[in-house]
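The values are calculated or read from the model by the stated rules, or taken from the named source; none is laboratory data. Given the structure is predicted, the values throughout are model-derived calculations rather than measurements. Cβ placement follows ideal geometry from the backbone for every residue including glycine, while neighbour counts extend to all protein chains displayed. To get the accessible areas, we keep the full protein, side chains included, count just its heavy atoms, and leave off ligands, DNA and RNA. Shrake-Rupley method; radii C 1.70, N 1.55, O 1.52, S 1.80 Å.
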Amino acid sequence: MTAVQKVAIAGSGVAAMATAIQLAKAGIAVEVFEAKPELSALGSGITLQGNALRVFDALGVWEDVRDKGLAFEGLTLRAPGPDAPVIAQLPEVKTGGPDYPACMGMYRPDLAKILMQHAEKAGATVNFRAKVTGFREVDPARVEVFVNDESAGTFDLLIGADGVNSTVRSLMGIETAPETTGMGIWRAFVSRPKDVEHSELYYGGPAYIAGYTPTGEDTMYAFLVEKAQDRFGVSDEQAVEIMRGESMAYGGPWNSIREDLNQAAKVNYTWFTKHLVPGRWNRGRVVIIGDAAHSCPPTIAQGAAQALEDALVLAELLTGSDEVNDKLWDAFHERRIPRVQAVVDASVQLGQWQIEGKKDADAPGLLFGIAQKMAVPA
C-alpha cells in the first residue's frame with residue numbers, strides 16, 4: 001500500500017516529470033498540470049553530472065537519455081586570449097558512481113520530450129493550458145486543486161514542481177523567492193568543432209566565464225556569463241551580435257562558435273538566481289520541489305540534478321510508506337535540505353569569487369569538494 005493513491009503535479013519540468021514517472025509506475029493515479037500550451041524547455045543545452053544520470057537509471061530513462069546526449073569525462077580550464085592557452089586539465093569525480101559517465105551534455109528539448117514520453121507511458125496524464133490557480137484543504141488527507149480557476153477534483157497530494165516563479169509556492173503563503181546573484185548568461189546552440197571533446201571553461205576577460213559543452217556528435221551549446229543587465233528586450237539579431245562581440249577576447253574553439261552565431265542560432269539570455277525555502281517545503285498535503293523550492297547559479301551544474309533527486313526521494317518515500325505523516329516529511333527534509341544547501345552555497349560562492357575578481361580563489365578545490373559530496377546517493 002502506498003501513502004497516496006491520487007496525486008496532482010503542477011509543472012512539466014524535470015522534477016515534475018521524474019516524480020510523475022516514479023509514482024505512476026507504482027500504480028498511483030497522476031495528473032500533471034502545465035500552464036504552457038505545449039511542452040517546452042528554455043535554454044539550448046544542459047550539463048548533467050553523474051548523480052543526475054544515476055537518477056535517470058532509477059527512472060528507467062537512462063538508455064534513451066544516453067542515446068540522445070553525449071557522455072564525456074574531464075574538464076578543461078583555459079585563459080582568454082587569441083591562443084586560448086590551457087591552464088588546467090581537471091579529472092571529474094564520477095558523482096553517479098562507477099557505472100555512469102562523469103558528465104553528459106544534451107539538448108534540453110530532447111530531455112523534456114524523453115521524460116514526458118516515459119511519464120505518459122507509465123500512466124500519468126499530462127494536461128497543457130492547465131494552470132494550477134488554487135487549492136483548498138478538504139480534510140487532513142485530501143486537497144482540492146483548482147486549475148484555470150475551476151475545480152480539477154480532490155487529490156491525496158499536490159506537488160508544486162512549477163519552477164522558480166512557482167505559483168504553488170505563493171499559494172502556500174511562502175514568501176521566499178529567487179534573488180538575482182548579479183550574473184546573467186547568454187546561451188547558444190551551435191555546431192561542435194571536432195576538437196571539443198568535453199566541457200571547457202575560460203575564466204576572466206570581458207566575461208566572468210566563457211565556455212561550451214558538447215551535446216552530440218556535431219552539436220554543442222556555448223555560453224557567456226556577464227554582469228546581469230536588462231537584456232530581455234533585445235531582438236534575435238541584437239542577441240547574436242552581443243554574444244559575438246563579448247566573445248571576441250576568446251580564441252580556440254570560440255573562433256568556430258563565432259562563425260556559427262547567426263540569426264538562425266538559438267540564443268537566449270537569463271539571470272542567475274538563488275533561493276532555498278527554509279524549514280519544511282510542505283504545508284499539509286501540498287509540497288514544493290525542484291526550482292520551486294530552491295535555485296542556484298549553474299556554476300557547478302547541479303540545478304537539474306538536485307531537482308531530480310528531490311523527485312526520486314519524494315517518490316521513494318511516498319511509495320514505500322503507508323501514510324503521509326510527520327515521519328515521512330521529516331525523512332524527506334532531512335535527506336534533501338542539507339544536500340541542497342551545500343549545492344546552493346557552493347554555486348553562489350563560485351560566482352561571487354568571479355564578481356569580486358578573486359584570482360587566487362580555489363575554484364577547482366571547491367568543485368572537487370562538492371562533487372565528492374554528490375557522489376554519495378541522496
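Quick notes
- Relative contact order of the chain, pairs being alpha-carbon contacts under 8 Å that are 6 or more residues apart, as %: 23
- Angle of helix 326-356 to the longest C-alpha principal axis of the chain, folded into 0 to 90 degrees and rounded to 10: 20°.
- Solvent-accessible ranking of C103, C296, largest area first, probe 1.4 Å: C296, C103
- Distance between modelled label sites at E179 and N148, nm, 7 Å Cα→Cβ extension: 3.8
- Flagged links, alpha-carbon separation over 30 Å, of K68/K327; K25/K194; K121/K274; K68/K121; K6/K68: K68/K327; K25/K194; K121/K274; K6/K68
- E120 sits with roughly 90 Å² accessible to a 1.4 Å probe, with DNA, RNA and ligands left out of the calculation.
- Residue-span extension gain [K113 to A342] - 0.36 nm each, minus C-alpha spacing: 79.4 nm
- Rounded, prolate or oblate (a/c below 1.5 giving rounded, otherwise prolate when a/b exceeds b/c) for region 1-59 by Cα gyration tensor: oblate
- Distance in nm between pseudo-label sites at A29 and K68 (7 Å out along the Cβ direction from Cα): 2.9
- The chain: angle of helix 303-320 to the longest principal axis, Cα-based, in degrees nearest 10: 20
- Applying 1/(1 + (r/R0)^6) with R0 = 45 Å to the Cβ-Cβ distance of L39 and D260 gives a FRET efficiency near 0.95.
- Beta bridges from DSSP with both residues in the chain: antiparallel share about 75 percent, rounded to the nearest 5.
- To the nearest ten degrees, helix 236-246 and the longest principal axis of the Cα atoms of the chain are 50 degrees apart.
- The distance linking region 7-86 with region 113-152 is 21 Å (Cα centroid to Cα centroid, whole angstrom).
- Net charge of the neighbourhood of R142, taken over other residues with C-beta under 10 Å away and scored Lys/Arg +1, Asp/Glu -1, is -1.
- F272 accessible area, 1.4 Å probe, all protein chains in place, Å² to nearest 10: 10
- E179 - accessible surface, heavy atoms, 1.4 Å probe, Å² rounded to 10: 110
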